[in-house]
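One structure below.
The values are calculated or read from the model by the stated rules, or taken from the named source; none is laboratory data. Given the structure is predicted, the values throughout are model-derived calculations rather than measurements. Positions of Cβ are generated from backbone atoms using ideal geometry, with glycine treated the same way; all protein chains shown enter the neighbour counts. Accessible surface areas use protein heavy atoms only, side chains included; no ligands, DNA or RNA. Shrake-Rupley method; radii C 1.70, N 1.55, O 1.52, S 1.80 Å.
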Amino acid sequence: MRPLRRLNYDSVTNNNDIALLRLSSPVNFTDYIRPVCLAASDSVFNNGTDSWVTGWGAVKEGESLPFPETLQEVELPVLGNRQCDCLNGVGTVTDNMICAGVLAGGKDSCQGDSGGPMVNQQGSVWVQSGIVSFGFGCGRPNQPGVYSRVSSHQSWINSHISSDKPGFVQFTSRYTCPGPPPPVISATTTTVCGNAPMNSRALGDSGVVPGGTWPWMVSLHKNGVYTCGGTLIAERFVLTSAQCFST
């Protein structure tokens, strides 16, 4: 089936870089195959919010993932849009985007990771906040990666999925100073999502990822060749980036 991209996707600016894929048959959920939750439209990701990005892209700028091409992970903090826009070039980052990166450099998504997820943990639930979109090089100092902001597209996603809808969760960044605890998460559907029973995240990112750690990760291939990453969001639907598909 032809991928469904946002009609207002801009291939020059990468604004609205998002696409949906409908599977020909539903998948069966196991500990190794599970859907992620999606950030609802009223979600808040403060500067510094801990995030995880996964993919099969280059391990660093100009260096492809070596055989046996095991899934990789990296832990990154969210960077505020205003600062990200200043660093990447004023006018580069829109409200439909979210940034993450280490200003010192050395940790980032990279070429080949496009379409894959940036996720954040709230309680025991994993919520996808971003889709790997673009960046200037990989892991360069003061050049944070830019992701499509999932919460900006809740209405669009729901408008194209009549049944088997994904679970949307209101994500609220943790308080960094004394005060009342954050509100309990609330999903807009009964879909069981964001549960990764084989992921303890007791340690920091290790690069190579054991099986079952990120059970929603999808590897997209065209004519047998790896093209992009994606995310399982329901039994029949995968979320990825629009740039992964030619018009």
Scanning the stretch 126-145 residue by residue, those surrounded by 18 or more Cβ atoms within 10 Å (Cβ to Cβ) and of a type in the set (Phe, Trp, Tyr) turn out to be TRP126, PHE134
Only one of (1) in contact with a strand residue (DSSP E or B) (Cβ under 7 Å, 6 or more places away or on another chain); (2) crowded, with 17+ Cβ neighbours inside 10 Å does not apply to HIS153, and that is (1)
Scanning the stretch 70-106 for residues that are free of Cβ contacts under 8 Å to residues at least 60 places away in the same chain and of a type in the set (D, E, K, R), the one most open to solvent (accessible area, probe 1.4 Å) turns out to be ARG82
The one condition THR213 fails out of (1) among the β-branched types (Val, Ile, Thr); (2) under 24 Å from ASP17 (Cβ atoms); (3) modelled with pLDDT of 90 or more is (2)
The strands (runs of 3 or more DSSP E) lying entirely within the stretch 1-64 that contain at least 3 residues which are surrounded by 15 or more Cβ atoms within 10 Å (Cβ to Cβ), of a type in the set (A, V, I, L, M, F, W, C) and in contact (Cβ under 8 Å) with a residue 24 or more places away in the chain are 19-22, 37-39
Residues of the stretch 20-40 being among the small types (Gly, Ala, Ser) and at pLDDT 95 or above, in sequence order, are ALA39, ALA40
- Item | Filter pass, SER109 being open to solvent by 30 Å² or more (accessible area, probe 1.4 Å), closer than 21 Å to VAL12 by Cβ and either touching a strand residue (DSSP E or B) at 6+ places or on another chain (Cβ under 9 Å) or in a strand (DSSP E or B) (or both) | no
Going through the stretch 214-242 in order, the residues found to be free of Cβ contacts under 8 Å to residues at least 12 places away in the same chain and not β-branched (Val, Ile, Thr) are HIS221, LYS222, ASN223, GLY224
Selection from the stretch 112-139 of residues farther than 20 Å from SER173 by Cα, not acidic (Asp, Glu) and not in a strand (DSSP E or B) yields GLY112, SER114, GLY115, GLY116, GLY135, PHE136, GLY137, CYS138, GLY139
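Let's see how each residue does on (1) under 21 Å from MET217 (Cβ atoms); (2) aromatic (Phe, Trp, Tyr); (3) in contact with a strand residue (DSSP E or B) (Cβ under 7 Å, 6 or more places away or on another chain):
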site: LYS60; (1), (2), (3): yes, no, no
site: GLU73; (1), (2), (3): yes, no, yes
site: ARG82; (1), (2), (3): no, no, no
site: CYS86; (1), (2), (3): no, no, no
